[in-house]
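To start, the structure under review is shown below, and the notes come after it.
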Amino acid sequence: MSKIVKVIVLRTAGTNCDEETASAFRNFGASVEKVHIQQIIKKKSILKDYHILAIPGGFTYGDDIESGRILANELTQHLSSELKTFIKDGKLIIGICNGFQVLVKSGILPGNCAQKENNRDLFNEEVTLAFNDSGKFEDRWTYLKSNNKCVWTKNLPKIVYFPVAHAEGKFITRNKTILSRLKNSGQIVFQYCSQDGNVPAYPQNPNGSQDNIAGITDDTGRILGLMPHPERHFFSYHHPFWTRFKHLEKYGDGAKIFENGVNYVKKELLGS
Amino acid sequence: MIWRIEIKHKKGIFDSFAAGIHKDIIDLGIKSVRDLEVVQIYNLEGRLTKEQASTVAAELLINPLTQTYAIYAQNKYQTKKTIADIHLVEIAFNPGVMDPVEESTIKAIKDLGIGEIAAVHTAKQYFLYGKLSRHTIEKIIEKVLSNKLIQHEVVDHTLLGGDQEKKNSAHFNLIVVDLNDASQARLLEISQQGQLFLNLDEMKTIQAHFRKLGRNPTDCELETIAQTWSEHCYHKTFRGNIRFESYENGKKKEEVINNLLKSTIVKATYEINKPWCVSVFHDNAGVIEFDEQDNICFKVETHNHPSALEPFGGANTGIGGVIRDTLGTGLGAKPICCTDVFCFAPPDMPEKDVPPGSLHPKRVMKGVVSGVKDYGNKMGIPTVNGAILFDRRFVGNPLVYCGNVGIMPKDKVEKKVYNKDLIVVVGGKTGRDGIHGATFSSGELTSESEVVSSGAVQIGNPIQEKKVQDALLKARDRGLYSAITDCGAGGLSSAIGEMGAELGARVDLDKVPLKYDGLMYMEIWISESQERMVLSVPQKHIDQLLDVFAQENVEATVIGEFTSTGKLELYFHNCQVCSLDMSFLHDGILRLTKSAVWKPSKEKEPRLEPKQNLTKTLLQALGHYNVCSKEWVIRQYDHEVQGTSVIKPLVGVHCDGPSDASVIAPKFGNVKGIAIANGINFRYGLIDPYWMAISNIDEALRQIVAVGGSIERIAILDNFCWGNPDKPDRLGGLVRAAQGCYQAAVSFQVPFISGKDSLYNEYTQGKESIAIPGTLLISAIGIVEDVRKTLTMDFKSAGNLIYCVGLTKDELGGSIYYDLYNCLGKSVPVVDFPAAVKIFKKLHQAVQGGYIAAMHDVSEGGIGVALAEMAFSGDLGVNVNLSRVPYQGKKRDDYILFSESNTRFIVEIPKEYQDSFETIMQDVLFGLIGEVTDNAHFIIHGVTQDVCIKTTITKLKDSWQKPLRW
């Protein structure tokens, strides 16, 4: 078996963060292909060839109806069993921004999909990402408290700094039970906070998310969805005030996430 | 069958869209709307069962957590418009206007396995709560809820169903225009009735041509000539002859200028002759070298007329258009960033001052920003730089400049059309949208423009364009086509006419994919439907090419081929509808001779009493609309997509300070970058357009130098927005500005690589003609060797030294300071070129040495504003002494603080680098004017050593942020 980590970056009409997401994985030695969903639907078995599925940011189908809805519908209608197998096989998924919207609207997050037997459960939307309270698209940097319950967030600093750029990022759960379940199982991996880690106010919490939630994982810790863009703080010179630093490191806070994904595959799936 | 699905937010779920609309209504001065609810409507057409329609609603159209739905058979749907204090308004798109969500929604419904769906039409229903008269409701509909050019209030629901456009199927009938026997009066009438915007001489030239041929033209031929010869496409003013009369020191000087463009702007570029200029002035965008593998291209366009009528759509399609310029440069470049510059009337202008037929400036601004945001964000192109200026005279004619930068491999610069290559149109389908855009923008606006030219208004579809981009760049890399042009103004007519100019072309108009049936040949030919490109494809590659586009779900259709006949031949229903000689079309245009006069300004210097305390004045200057924070706008643009952002438009400790230039590193992981900036100040032009042009160029260069760029690797673009060039005084100013461009470019050795002009920016109201102030935008692009050596304008650390570099003079003409007193003045800032070049180069050397902690260019609002911005962006105070500023002129604190002399910088230097910095700077003028402090106090001592400004950075920042904190 080849020892190369293989990443598939899913594309469709309106995907627009595919190139930098692919570059982020490539930087850590992964072999990355950007594949249009139409090609996957035509040949569903190709998903098997990859270890990591990345759904990048963008405006798939123009955010028509609502963000992520049409691609989520496409995934659940055409690729549900392949996706279940992918998850069952212990592989990794990351959805950033629009990718996160797709993951929650297809019900892949908050998850437990691998255990669920019938399709309807897979598509049960327990959480959603609604319009920002500000009513508009905003691009701004946010401080995030991270926990390392997820393979993607191992060894991240306690507080990281990533930009958000979205109009629909307000995290809501269907009910309180689901919220407590997410809390108790440690599935909330990123929460907006103030610079010193305290409870944020707008615009520190840029969209009005419940419990300041910015990113969650599934119960296996292998699927990550988050609104902020780690690939936009990949190099230290992406930081909004790097010109104030005395010394400039090579990487910014976001690089670790991609490195973690690649390393996990190497260790757990490729056994190297 | 039509199923009507109404979607509402669940109780207790906050609807931020509705809240935004409510706020806009309150902003309008209507306080009687207590609450507002929005219902999203989808009308599903096709043979769907009720169950199927319910599935679509439940599984696709609603968000199950936040929304609920109701479903009705459309023909049974009835509703009352007003029940007690609840008023219901429904707004839908006009027939023929593209419903932006239709295509993707149909796709998603088909993904659900419901193939019966035929069409989807959306609408919005608004429940207005409160005691409202019909008059008030109508005002809300007109000012907030709709734009009648593209939308209407749904009055009778039973009328809905079937696109009206589809029923308009006309019989084919070739129209021949009787030109050869027409009198002069009749010629003018033909031009006017056909909206050709051709003058009598031009009409006579056409008449003579067809008399020689012994036949009359078809309407299509006449229209093609009008499009090609329009000011918009041909730039008659810049390329024609000008009899220029100017007065200097009371002496009259007369000269004839043969081709203004070639004798000023283009001339400068050829004289400068930089080896890294790859392609200038002949392609869609100017191209310069970036690194060993790639070139960079840059183009800025205007989209003023459409934005005046439909701000969202106008700006939206403006961005879309300039992105297609990038896609169509060489064999296609990948768009890597956008820049946007706007001029509006002040957003707080009283409603009564807004002329009839014009929209209120605040609405124009919100619409334009929203249109830019929508297109740039959805295409995934970061909007990294811009400017917004305000003046009452922009009320009828807002200016919307859209720029785009692209990157392309070095071997993709050349394109060439070959005989027998196939003509392939790719992207969107063709409809009736945008008919007459090119000719429409070559005339003045009137209060009837919105009626006459409503066809020229469109809405873009950025996702369609993104798909085109994805497919196109793949096809480019595989070498599947030999030439490409975008479909912009003039549609297929311009694109194919241009591509086939040297050869000839034959097109079957029946083959062009249409949005709906019933378009006539001429509509197909000149339609400006968005998101289309034309390719020239060698026959052997056609199958592969069509396959690449099919993989990305982009329509690509062969519609004809290039020929060697020297003719433009069009066919419809196998009948020839156009057969024009390419040579007449492109070279037959009469060279116009226009008159231009320039007289020096009669303005006088105002007499303002000197003041001891200038604190309040500084706060006012910071709060001036042209100076204040544009954060509200910038935040709505994605300025970081593509992961290339290095110096962002907002910088400093709190990410809210005004950056000079933006810097991006376009190749992920590679530290080579580009810096983007702009210079624009129409107020100087009100005094003298010559010095305006030079000042604008100086400003654009300053900004790039301020982030660490070198003027030896900067290229610039010109964009003129001017009034009616047929009026000698307007044209005289334009000539002066072009001459300034030449002077500055040659003196700085900075070449122009591309440019554009938009003339006739006047608004005729009754007998009065309001011209915009002649406005020149200079856009600059600099290549940066290592982005890690760039810098920002925020003060970094207490104890560091503050320098003012460059000479300050009492040049306050056109300044913000004078404007605070409603004065213009006369002493417009000039430039000492040899000194300026030295300053730019020395500062670059100091940056490379790593000596500079922060640098900011001094522009509108002078030293006072520059220091304040640097202080609050760095969260640090200052202590500065004006007597140490290198200064020439009447010694007054207000002059020194607010003068807008060119080529000046405020520079922050750590003490340990004082000697190194001063050694480098030894033969330029500079002054050590003070120190950065850590106590948040902003203190400036005047020439007499007394304190003239004493305040805190919090107050300064608040004044600066307040005006546009919406």
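Derivation of every value follows stated rules applied to the coordinates shown; laboratory data play no part. Bear in mind the structure is a predicted one, so any value in this text is a computation, not a measurement. Note that we place each Cβ from the backbone using ideal geometry, even for glycine, and neighbour counts take in every protein chain shown.
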Between B:Arg239 and B:Glu609, Cβ-based FRET efficiency (R0 56 Å, step 0.05) works out to 0.65
Would you tell me the mean number of C-beta atoms belonging to other protein chains that fall within 10 Å of each C-beta in A:69-75, as a whole number? 5
Averaged over B:6-14, how many beta carbons belonging to a partner chain fall within 10 Å of each residue's beta carbon? 1
Would you list, by chain and number, the lysines whose Cα falls below 23 Å from the Cα of A:Lys149, excluding same-chain residues fewer than 8 positions away? A:Lys84, A:Lys88, A:Lys91, A:Lys105, A:Lys116, A:Lys158, A:Lys170, A:Lys176, A:Lys183, A:Lys256, A:Lys266, A:Lys267
Select from A:Tyr202, A:Tyr161, A:Tyr61 the residue whose mean-square fluctuation is largest in a Gaussian network model of chain A (Cα-Cα springs shorter than 10 Å). A:Tyr202
If you take the charge dipole of the range B:742-888 about its Cα centre, with +1 on Lys and Arg Cβ and -1 on Asp and Glu Cβ, which of B:Pro829, B:Thr808, B:Ala866 is farthest toward its positive end? B:Thr808
What list do you get for B:Ser564, B:Ser529, A:Ser209, B:Ser747 if you sort them by fewest beta carbons within 10 Å? B:Ser564, B:Ser747, A:Ser209, B:Ser529
Take B:Gln945 and B:Lys204, extend 7 Å from each Cα along the Cα→Cβ direction, and tell me the distance between the two endpoints in nm. 7.7 nm
Rounded to the nearest 500, what is the 222 nm mean residue ellipticity of the protein assembly as shown from helices alone, with -39500 (n - 2.57) per DSSP H run of 4+ residues and division by all residues? -8500 deg cm²/dmol
How would B:Leu198, A:Leu129 line up from fewest to most surrounding beta-carbon atoms within 10 angstrom? B:Leu198, A:Leu129
From Cα pairs below 8 angstrom and at least 6 apart in sequence, can you work out the relative contact order of chain A, rounded to a whole percent? 19 percent
What is the Cα centroid distance between the range B:109-124 and the range B:711-746, reported in whole angstrom? 52 Å
Highest-first arrangement of B:504-515, B:352-363, where packing means the average Cβ count within 10 Å: B:504-515, B:352-363
Estimated dipole of the protein assembly as shown in Debye, rounded to 20 [Cβ of Lys and Arg +1, of Asp and Glu -1, Cα centre]: 1860 debye
FRET efficiency for A:Asp133 and B:Lys212 from the Cβ-Cβ distance with R0 = 60 Å, rounded to 0.05, comes out at 0.30
Once both label points are put 7 Å beyond Cα along the C-beta direction, the B:Ala70-B:Glu142 separation in nm becomes 3.1 nm
Taking each residue in B:795-804, count the Cβ atoms of any other chain within 10 Å of its Cβ, then average. What number comes out? 1
Based only on other Cβ atoms within 10 Å, what is the fewest-to-most ordering of B:Cys343, B:Cys402, A:Cys193, B:Cys655? B:Cys655, A:Cys193, B:Cys343, B:Cys402
Can you give me the relative contact order of the range B:900-966 as a percent, contacts being Cα pairs under 8 Å and 6 or more apart? 17 percent
Approximate spin-label separation A:Lys3-B:Tyr270, in nm, with each point projected 7 Å along Cα-to-Cβ: 6.3 nm
I need the trypsin sites (Lys or Arg not before Pro) found in the range B:586-628, filtered to DSSP loop residues with at most 15 other beta carbons within 10 Å of theirs. B:Arg591, B:Lys602, B:Lys604, B:Arg607, B:Lys611
Out of the DSSP beta bridges found with both residues in the range A:6-269, what percent are antiparallel (nearest 5)? 60 percent
B:Lys567: net charge of surrounding residues, Cβ under 9 Å, Lys/Arg +1, Asp/Glu -1, itself excluded? -1
At the level of C-alpha centres, the distance separating the range B:772-838 and the range B:891-959, in angstrom, is 14 Å
Mind checking the full-extension length gain between B:Val671 and B:Ile86? Use 0.36 nm per residue of separation minus the Cα-Cα distance, one decimal, nm. 204.6 nm
Expected output is a single nm value to one decimal: the length gained when fully extending between B:Gln78 and B:Thr565, i.e. 0.36 nm times separation in residues minus the C-alpha distance. What is it? 169.2 nm
So, in the range B:325-415, how many Lys pairs have Cα atoms under 28 Å apart, if the pair is 8 or more places apart or on different chains? 12
For chain B: relative contact order, % (alpha-carbon pairs under 8 angstrom, 6 or more apart): 11 percent
